[in-house]
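Here's the structure, in structure tokens; my notes come after.
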Amino acid sequence: MLERNLVDSSPTERDLPIRPRRLRRSQSVRRLVRESRLSADMLVYPIFVATGRGVEHPIEAMPGQRRLSADLAEEAASSAFRAGVPAVLLFGSPRYKDDAATDASADDGAVQEAIRRIKRSTPEVVVFTDVCVCAYTDHGHCGIVSSGEIDNDASLDVMVGVALSHARAGADFVAPSDMMDGRVGAIREALDDNGFEQVGIMSYAAKYASAFYGPFREAADSTPQFGDRSTYQMDPPNVREALREIELDIDEGADIVMVKPALAYLDVIAAARAEFNAPIAAYNVSGEYSMVKAAAQRGWIDEQRAVDEALTAIVRAGADIVITYWAPEVAARLGGSPAR
Ligand SMILES: [Zn+2]
């Protein structure tokens, strides 16, 4: 027997029980009343670009993901697009590393070649490019090191050089991920000064110094050789500081702002959503991917359900754009179509 007045403020004078379960009775009713919908339209697929030709290196810590040379990255981007994913995010790798990250801004670098190939074969794919130097510096930090410290302002010139090389190759959006102060403004100014007014900026605005990047380090070969990234990436307990970082990046000209990682920072996404009108991207990072993969491989979790639940949670928190290694398979499952 149901208790009467399960909910205090009964809307009826007849004192009938309120039955929220009516809206959960069938799959079709649940579909109708769903408050958040994961869509292929929101997905961005990250691709790690390797040097060489015909190169395909499996990334051990990220089952199913590979480092691909530009020719195969081109194929991966167009197949993701055919599956319904509108965008890719490219990460480069160097032919050589030095203290100035020289190869990061080379016009004939691997990522620059991948951009040109993708835009030539599938021009509709939105190409985002990660702008950072940690994979290109011999010390593995996201900036220029002087006297044992990451020199903010010296790093800006390098980031600008990387962003311009990506713009020249045809990138639609550059995505600075270094967390140096003032880099969005510096890149925006340089893009405009060089005729790239139409190239956008997606800033990694609130990027936390997170343990969840672990598997990515193997993928990008970018582990710092000394210290860690906590003098430039954000401290995990802080949310007001994230809003401050996002505000600054929007003021400096960011078109899209990102919170990274996603799942341990859903409150940051929600706070940013409440505060700002700019599109918000969330990065479902390598550790979030690998944990589910590892558990699924052991039969401890249903991968598909876990993925849908996690990605939907990111959308429910307020993200407009979800960057995820599952993008192609989720889009295929959701029936995304590039033709719409
Ligand atoms: Zn970096």
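The values are calculated or read from the model by the stated rules, or taken from the named source; none is laboratory data. Computed from a predicted model, the values in this text were never measured in an experiment. Neighbour counts run over all protein chains shown; Cβ positions are idealised from the backbone, glycine included. When the accessible area is computed, the model is the full protein with side chains, heavy atoms only, and any ligands, DNA or RNA have been set aside. Shrake-Rupley method; radii C 1.70, N 1.55, O 1.52, S 1.80 Å.
A few remarks follow.
- All of Gly64, Gly54, Gly140 fail the test of being in contact with a helix residue (DSSP H, G or I) (Cβ under 8 Å, 6 or more places away or on another chain), touching a residue at least 24 places away in the same chain (Cβ under 8 Å) and assigned to a loop (DSSP other than H, G, I, E, B), apart from Gly64.
- Members of region 21-43 that are surrounded by 10 or more Cβ atoms within 10 Å (Cβ to Cβ), within 22 Å of Trp326 (Cβ to Cβ) and basic (Lys, Arg): Arg34, Arg37
- Any chance Ala306 is open to solvent by less than 10 Å² (accessible area, probe 1.4 Å), at pLDDT 95 or above and under 29 Å from Ile59 (Cβ atoms): no
- Matching residues in region 67-93 - criterion: being in a loop (DSSP other than H, G, I, E, B) and more than 19 Å from Asp107 (Cα to Cα): Gly84, Val85, Pro86
- Search result, residues across region 180-222 that are assigned to a loop (DSSP other than H, G, I, E, B), within 13 Å of the ligand (Cβ to nearest atom) and over 17 Å from Ala104 (Cβ atoms): Ala209, Ser210
- Among residues of region 143-178 being part of a loop (DSSP other than H, G, I, E, B) and within 10 Å of the ligand (Cβ to nearest atom), the one that is nearest to the chain's Cα centre (by Cα) is Ser177.
- Every pair of residues 6+ apart whose Cβ atoms lie under 7 Å, when the first sits in region 101-125 and is closer than 14 Å to Ser79 by Cα and in contact (Cβ under 8 Å) with a residue 60 or more places away in the chain while the second is open to solvent by less than 40 Å² (accessible area, probe 1.4 Å) and assigned to a helix (DSSP H, G or I): Glu124/Phe81
- Hits in region 111-134 - residues which are away from the ligand (no atom under 16 Å from the Cβ) and at pLDDT below 95: none
- Annotation note: of Ile314, Ile269, the sole residue that is open to solvent by less than 10 Å² (accessible area, probe 1.4 Å), within 30 Å of Ile150 (Cα to Cα) and not basic (Lys, Arg) is Ile269.
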